[in-house]
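Working notes for the structure below.
The values are calculated or read from the model by the stated rules, or taken from the named source; none is laboratory data. Everything quoted here is computed from the prediction, not taken from an experiment. A quick note on method: Cβ atoms are made from the backbone with ideal geometry, for glycine too, and the neighbour counts reach across all protein chains shown.
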Amino acid sequence: MTDRKKSGLARVLSKMGYCSRSQAAALIRAGRVALNGRSVRDPETPVSVGRARITVDGVEVVAHSKMYLVMNKPRGVVTTASDERGRATVYDLLHGVDAWIGPVGRLDKASEGLLLLTNDTDWAARITDPASEIDKRYHVQVDRVVTDELLARIRQGVVVNGDCLRAKAVRILRQGEKNSWLEITLDEGKNRHIRRMLQELGLAVLRLVRVAVGSVELDDLKKGAVRALTAAEKLNLDRKLARAGELPKKTTGACR
């Protein structure tokens with residue numbers, strides 16, 4: 001009989017839902033992790049999944065069941081495990097969650113809205129992979145009245161520090177005398193994608209709210225509240241991931 005498939009120790013700890021892969025690597029290098037009673041310091045130490053006994057600080061690690069959550073992240077809360085400046089983090093809102101769980105992608109401090117969290121690191125990586133083309137929909141308030149010409153420029157895209165930043169779709173939700181609310185859809189997400197794109201076009205973002213990831217909608221989830229991803233929502237996302245894996249990568253119009 002052949003041995004079970006082996007993976008690196010840091011990856012195994014992450015897949016067990018104990019912590020992120022980078023956090024696991026730091027624990028291992030610090031000498032806090034033992035494999036079958038023997039201290040190891042190489043995060044890539046091969047492990048027979050399901051057969052090895054792993055301990056951290058002498059306590060055996062037990063795999064957690066997979067967890068998928070939806071949060072309405074308030075503005076001013078940072079998407080990190082801890083903050084050196086003492087600011088509130090999304091983890092302050094996770095009451096009663098005893099397993100490690102991490103955000104699927106990011107929302108910066110000034111942004112708000114729908115944030116997925118999970119301890120399924122492989123699934124999270126697939127959701128955030130641009131090749132999966134999972135749509136993310138945002139409602140964005142900007143500091144001026146937007147014209148059809150400007151909408152066209154947002155769709156066309158701009159180049160900022162070598163990044164082509166464009167919207168898959170954009171439309172006007174409503175307008176006042178001095179500002180506009182736009183709905184912007186991305187199928188990829190570079191760092192501060194929308195803010196950088198609009199700034200390059202001379203627009204200041206007043207508010208930025210993510211309202212959907214794929215078929216998962218923010219709806220009436222209260223600010224700071226957390227709920228479980230429904231079975232139907234998870235299935236819809238998984239079907240989208242499966243289709244993305246079967247189809248050739250789409251090409252998009254070049255920024256000009």
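Among the residues in region 135-144, are any among the charged types (D, E, K, R), surrounded by fewer than 21 Cβ atoms within 10 Å (Cβ to Cβ), over 28 Å from Val226 (Cα atoms) and in contact with a helix residue (DSSP H, G or I) (Cβ under 9 Å, 6 or more places away or on another chain)? Within region 135-144, one or more residues are among the charged types (D, E, K, R), surrounded by fewer than 21 Cβ atoms within 10 Å (Cβ to Cβ), over 28 Å from Val226 (Cα atoms) and in contact with a helix residue (DSSP H, G or I) (Cβ under 9 Å, 6 or more places away or on another chain). Considering only region 12-118, give the strands (runs of 3 or more DSSP E) lying wholly within it that have at least 1 residues that are under 21 Å from the mean Cα position of the chain (by Cα) and modelled with pLDDT of 90 or more. Those strands (runs of 3 or more DSSP E) span 68-73, 112-118.
Looking across region 171-195, the residues that are under 20 Å from Glu112 (Cβ atoms) and part of a strand (DSSP E or B) come down to Leu173, Arg174, Ser180, Trp181, Leu182, Glu183, Ile184, Thr185, Leu186. The condition (being over 15 Å from the mean Cα position of the chain (by Cα), surrounded by fewer than 18 Cβ atoms within 10 Å (Cβ to Cβ) and within 29 Å of Val158 (Cβ to Cβ)) is satisfied by just one residue among Arg196, Arg227, Arg239: Arg196. Between Asp108, Asp120, the distinction of being closer than 16 Å to His64 by Cβ and in contact (Cβ under 8 Å) with a residue 24 or more places away in the chain belongs to Asp120 only.
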